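The block underneath contains the structure these notes are about, expressed in structure tokens.
The values are calculated or read from the model by the stated rules, or taken from the named source; none is laboratory data. The model shown is predicted, which means the values in this text are computed figures rather than measured ones. Cβ placement follows ideal geometry from the backbone for every residue including glycine, while neighbour counts extend to all protein chains displayed.
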Amino acid sequence: MAAVGNSVPRKDGIGKATGHAVYADDIVMPGMLHGRTIRSTIPHGRIRSVNVVGDVPGLIVVDHHDIPGRNVVDLIEQDQPFLVERDVRHLAEPILLLAHEDREVVDAVRVEIEYEELEPLFDPERSEGILKSIDIVKGDVEAALADADFIVEGTYRTGHQEHVYIEPNVVVAMPEEDGIAVFGSVQCPFYVLKALKSLLGASAHIRVVQTETGGGFGGKEEYPSMIAGHATLLALKSGRPVKILYDRGEDMIATTKRHPSIVRHRTGVMRDGRIVAMDVDVLLDGGAYSTLSPVVLSRGCIHAAGAYRCDNTRIRGRAVATNTPPNGAFRGFGAPQTEFAVEVHIERIAEELAMDPVSLRELNALRPGDTTATGQVMGTDCSAHMVLEEAVRRTEFRAKREQYRGTNRSIGLALFFHGAGFTGSGERHLNSKARIDLTERGVRIAVGSTEIGQGTRTMHAQIVADALAIPYEDVEVAQPDTTLVADSGPTVASRTCMVVGKILEQCAMEMKDRLGGMSPADYHAKHGGFSVLRKYEPPDWIEWDDHTYRRDAYATYAWGCDVVEIEMDPDTLEVRPVKVTAVQEFGRPIHPALARGQIEGGTAQGLGYALLEHVVMRNGGMANAQLTNYIIPTTLDTPEFDIVMLENPYAGGPFGAKGLGELPIDGPAPAVVNAIRHFGVDLREIPAIPERLVACASR
Amino acid sequence: MRFTLNGVATNVDAHPMSRLLDVVREECQLTGTKEGCGEGECGACTVLVDGDPVCSCLVPLAQVEGAEVVTIEGLGDDHPLQHAFMNEVGAQCGICTPGMIMAALSLEPDASIDDIKVALSGNLCRCTGYSAIYRAIMKARQP
Ligand code: FES
Ligand code: FES
């Protein structure tokens with residue numbers, strides 16, 4: 001039986017269901033110390049003095065003087081220090097590290113820090129610290145606006161979102177004979193390796209091993225490099241293994257979140273509904289350091305005109321610095337913010353024209369042959385109309401919209417898309433590799449792509465099994481260890497199936513040729529093992545200009561249309577989702593049950609983003625850093641899902657697959673707010689908490 | 001402090017105010033029980049005490065003196081719920097899974113989907129959107 005297309009048992013399923021799977025906090029080593037991070041208590045200023053109170057026997061103390069190499073977390077820019085030297089740029093910034101064998105002792109240590117305080121800046125609209133700006137220009141937007149029958153303008157805002165992976169961050173560092181080994185809950189072991197090389201110096205011997213990871217969603221993309229650096233410094237100083245485990249509060253206060261956004265639209269429309277000009281301005285609050293903001297902005301801008309055709313488009317984007325903890329990667333990576341804005345704006349255009357919102361979308365949605373804002377020509381893998389039509393038909397959207405008028409029920413939709421893989425020339429620069437090894441029993445996959453719940457091990461094994469025509473059970477997957485596996489690039493950007501899966505498929509095909517019809521076991525018995533290593537070859541037609549942001553931003557896009565039915569409490573204005581229909585096209589599902597899980601889980605996160613998840617910032621830090629008052633969806637907040645997976649195979653992906661992981665989070669927020677709009681509430685901001693609805697309704 | 005852990009008489013020498021969660025994970029080295037928040041909100045630390053699901057991060061050791069405590073390890077490796085969670089993809093990252101399964105154990109065999117939702121409302125899952133968890137629980141009951 002073919003593995004691809006069937007919901008074979010997850011490789012990691014039974015370990016997780018029995019409690020045997022080993023997460024980083026489950027690791028205990030002889031002589032292990034517990035690390036603790038002392039953080040700034042002000043958002044902006046200079047350190048005058050740091051003083052560890054009292055004499056605590058056995059306490060290990062590390063500050064920036066203990067760093068043998070460079071005091072920067074090496075990412076896109078080299079601006080963020082592992083430990084503050086003098087200048088504090090945000091609340092909860094790491095200053096000093098402590099470790100002790102007894103967790104209670106280290107937790108009780110008092111550290112006094114004197115500061116010279118400086119005026120903090122929290123408002124991104126007032127920031128002059130530009131981390132990145134982007135300009136996308138197509139046609140002549142001003143001329144087209146001048147010729148349009150109507151101009152519709154609007155400003156849309158989204159707040160922070162906290163990842164709330166249920167396993168908080170944890171890393172264990174252990175001195176080894178000639179270097180250091182790091183075990184951690186990480187998405188990108190090779191990012192950690194790069195950061196540690198800059199911390200320790202290039203000649204250091206470093207091994208980074210990913211342990212079972214209890215969720216990531218982008219939250220364990222870049223921040224674990226910081227924690228790994230801290231644990232490493234403590235381990236090197238003490239000569240003993242050190243575990244740093246964040247509790248929930250520390251994890252929420254100190255680590256990255258989704259960038260808040262302010263997006264302005266000015267759109268020229270003709271009387272018949274044709275969109276002729278789109279002028280979009282995107283502002284992201286990057287927080288105190290650059291981290292991944294430049295690339296989050298990039299993806300956000302490229303998706304900012306939505307799934308629509310428009311000959312005259314200008315998208316200007318800026319990510320700016322403020323004195324808040326840096327924002328970073330979160331599933332969707334800028335696109336949920338800009339697609340929220342454009343989809344709510346499209347709904348407002350329909351309202352202004354007194355046009356049916358589905359008809360307006362049908363008229364303007366991208367079709368094969370149309371070009372996007374960057375000038376990318378859509379191929380037959382463009383499915384905007386397919387998902388829209390199926391969602392509308394299936395939910396009887398138009399009839400329900402009429403039927404619910406004047407009741408406490410409403411229905412709304414959003415049409416969206418998501419580019420798979422790194423943006424533009426990113427995949428070419430990444431130069432990812434994958435390797436498979438012939439073993440006694442079958443084949444072992446050896447890549448740095450991590451299993452963080454989404455099913456990496458399982459779908460990679462399915463792809464390799466079918467490409468080699470061997471049973472799925474004969475394929476094993478190596479634990480990512482940077483000294484043992486190929487660097488297949490980071491586990492981000494919906495690229496693990498489509499890009500890494502593709503290299504693995506090619507490795508398997510090459511191995512199959514070499515086996516010459518023998519089974520792996522027979523071949524191994526006769527000739528011994530061998531490995532196949534291959535590099536990613538992006539499709540040769542991809543053209544991209546990093547300076548002008550023109551042409552093929554992504555090799556392909558996945559498409560979705562979400563329809564959300566909601567109920568509103570007439571007294572409290574609390575909104576409850578009742579049903580979500582998610583129609584999504586992502587090439588072809590390698591594992592239907594895993595794919596369904598990605599859609600259901602991403603949709604639930606999107607509903608949380610839309611309705612519940614409100615990060616309250618006070619003095620530059622998260623004031624509600626607890627699960628008691630930062631609310632994510634529970635069973636009772638999560639509605640019934642109708643998931644529809646449409647197929648439109650993409651020739652460049654393994655077995656026709658595109659990327660899926662992020663697509664589902666782009667749709668729910670605008671669909672919810674569009675449903676709220678049909679109650680007559682002009683809301684342009686998420687989360688749609690009752691206080692905001694009350695304010696809008698009374699306006 | 002004496003109690004029964006997964007059917008075995010156990011005597012632990014720890015402070016009576018130690019969290020049951022730490023005692024199980026550290027003293028007894030049963031790491032299948034997870035910590036997601038330490039504040040009683042996520043349910044990842046759910047164990048059974050005298051048959052009832054509780055958040056072990058909120059229970060002081062003193063409170064289980066003489067009680068029967070069951071953790072995920074107490075189910076063995078072959079429980080129908082474990083197989084169903086695997087087959088229905090009720091576990092993605094898996095960090096909530098032991099707690100979910102322990103909470104689901106207390107459901108009546110004829111529990112409706114609404115009963116399941118209420119029973120699991122103290123167990124957070126950030127990966128699945130819960131539907132696959134309901135499917136797993138429904139499936140586990142089928143003969
Ligand atoms: S760890 Fe006990 S409820 Fe979260
Ligand atoms: S499977 Fe990841 S939190 Fe539930």
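In table form, for the structure just shown:
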| item | result |
| --- | --- |
| Helices (runs of 4 or more DSSP H) fully within the stretch A:377-461 counting 1 or more residues that are among the hydroxyl-bearing types (Ser, Thr, Tyr) | A:384-395, A:397-404 |
| Test: A:Ala17 is among the aliphatic types (A, V, I, L, M) and in contact with a helix residue (DSSP H, G or I) (Cβ under 7 Å, 6 or more places away or on another chain) | yes |
| Total residues in the stretch B:52-85, condition touching a Pro at 6+ places or on another chain (Cβ under 6 Å) and either away from ligand 2 (no atom under 16 Å from the Cβ) or modelled with pLDDT under 95 (or both) | 2 |
| Test result for B:Leu105, outside the structural domain of B:Leu48 (by TED's automatic domain parsing) and within 16 Å of ligand 1 (Cβ to nearest atom) | no |
| Test for A:Gly528: is it surrounded by fewer than 18 Cβ atoms within 10 Å (Cβ to Cβ), at pLDDT 95 or above and either at positive phi or under 24 Å from the mean Cα position of the chain (by Cα) (or both) | yes |
| Hits in the stretch B:25-50 (condition: away from ligand 2 (no atom under 16 Å from the Cβ) and in contact with a strand residue (DSSP E or B) (Cβ under 7 Å, 6 or more places away or on another chain)) | B:Cys28, B:Gly40, B:Val47, B:Leu48, B:Val49, B:Asp50 |
| In the stretch A:79-105, the residues that are crowded, with 16+ Cβ neighbours inside 10 Å, among the basic types (Lys, Arg) and under 25 Å from A:Ser198 (Cβ atoms) | A:Arg89 |
| Complete set of residues in the stretch B:11-23 that are more than 11 Å from ligand 1 (Cβ to nearest atom) and more than 11 Å from chain A (Cβ to nearest Cβ) | B:Asn11, B:Val12, B:Asp13, B:Ala14, B:Pro16, B:Met17, B:Val23 |
| The lone exception for A:Leu683 - which of (1) more than 16 Å from ligand 2 (Cβ to nearest atom); (2) part of a helix (DSSP H, G or I) it fails | (2) |
| Residue match in the stretch A:668-677 (condition: surrounded by 24 or more Cβ atoms within 10 Å (Cβ to Cβ) and assigned to a loop (DSSP other than H, G, I, E, B)) | no |
| Those residues of the stretch A:160-219 which are away from ligand 1 (no atom under 16 Å from the Cβ), within 12 Å of another protein chain (Cβ to nearest Cβ) and assigned to a strand (DSSP E or B), in sequence order | A:Gln161, A:Glu212 |
| Residues being in contact (Cβ under 8 Å) with a residue 24 or more places away in the chain, farther than 16 Å from B:Cys125 by Cα and in a loop (DSSP other than H, G, I, E, B) - total across the stretch A:627-650 | 4 |
| Hey, B:Val118 surrounded by 18 or more Cβ atoms within 10 Å (Cβ to Cβ) and either modelled with pLDDT of 95 or more or away from ligand 2 (no atom under 16 Å from the Cβ) (or both) or not | no |
| Any hit, the stretch A:608-623, residues being in contact with a Ser or Thr (Cβ under 6 Å, 6 or more places away or on another chain), surrounded by fewer than 24 Cβ atoms within 10 Å (Cβ to Cβ) and either within 9 Å of chain B (Cβ to nearest Cβ) or not in a strand (DSSP E or B) (or both) | yes |
| Odd one out for A:Arg367, checked against (1) part of a helix (DSSP H, G or I); (2) in contact with a Cys (Cβ under 8 Å, 6 or more places away or on another chain); (3) among the charged types (D, E, K, R) | (1) |
| Test set (1) within 30 Å of A:Leu363 (Cβ to Cβ); (2) within 16 Å of ligand 2 (Cβ to nearest atom) - A:Thr213 fails condition number | (1) |
| Condition check for B:Ala136: over 30 Å from B:Ala14 (Cα atoms) and within 16 Å of ligand 1 (Cβ to nearest atom) | no |
| Any hit, the stretch A:106-115, residues being surrounded by fewer than 14 Cβ atoms within 10 Å (Cβ to Cβ) and of a type in the set (A, V, I, L, M) | yes |
| Only one of A:Glu473, A:Glu396, A:Glu451 that is among the acidic types (Asp, Glu) and assigned by TED's automatic domain parsing to the domain that holds A:Asp666 | A:Glu396 |
| Number of the exception - A:Thr18 against (1) within 14 Å of chain B (Cβ to nearest Cβ); (2) touching a Lys or Arg at 6+ places or on another chain (Cβ under 8 Å); (3) of a type outside the set (Lys, Arg) | (2) |
| Looking only at the stretch A:624-658, and only at residues there that are surrounded by fewer than 21 Cβ atoms within 10 Å (Cβ to Cβ) and charged (D, E, K, R), the one that is nearest to A:Glu585 (Cα to Cα) | A:Glu647 |
| Residue within the stretch B:25-36 that is more than 9 Å from every other protein chain (Cβ to nearest Cβ) and either surrounded by fewer than 22 Cβ atoms within 10 Å (Cβ to Cβ) or over 21 Å from A:Glu167 (Cβ atoms) (or both) present | yes |
| Check on A:Gly268, away from chain B (no Cβ under 14 Å), crowded, with 24+ Cβ neighbours inside 10 Å and over 25 Å from the mean Cα position of the chain (by Cα) | yes |
| Residues located in the stretch B:71-102, provided they are touching a Leu at 6+ places or on another chain (Cβ under 6 Å) and surrounded by fewer than 24 Cβ atoms within 10 Å (Cβ to Cβ) | B:Glu73 |
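Yes or no, residue by residue, for (1) near ligand 1 (Cβ under 10 Å from one of its atoms); (2) charged (D, E, K, R); (3) over 13 Å from the mean Cα position of the chain (by Cα):
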{"position": "B:Leu30", "(1), (2), (3)": "no, no, no"}
{"position": "B:Gly43", "(1), (2), (3)": "yes, no, no"}
{"position": "B:Pro53", "(1), (2), (3)": "no, no, no"}
{"position": "B:Cys57", "(1), (2), (3)": "yes, no, no"}
{"position": "B:Pro60", "(1), (2), (3)": "no, no, yes"}
{"position": "B:Glu68", "(1), (2), (3)": "no, yes, yes"}
{"position": "B:Ile72", "(1), (2), (3)": "no, no, no"}
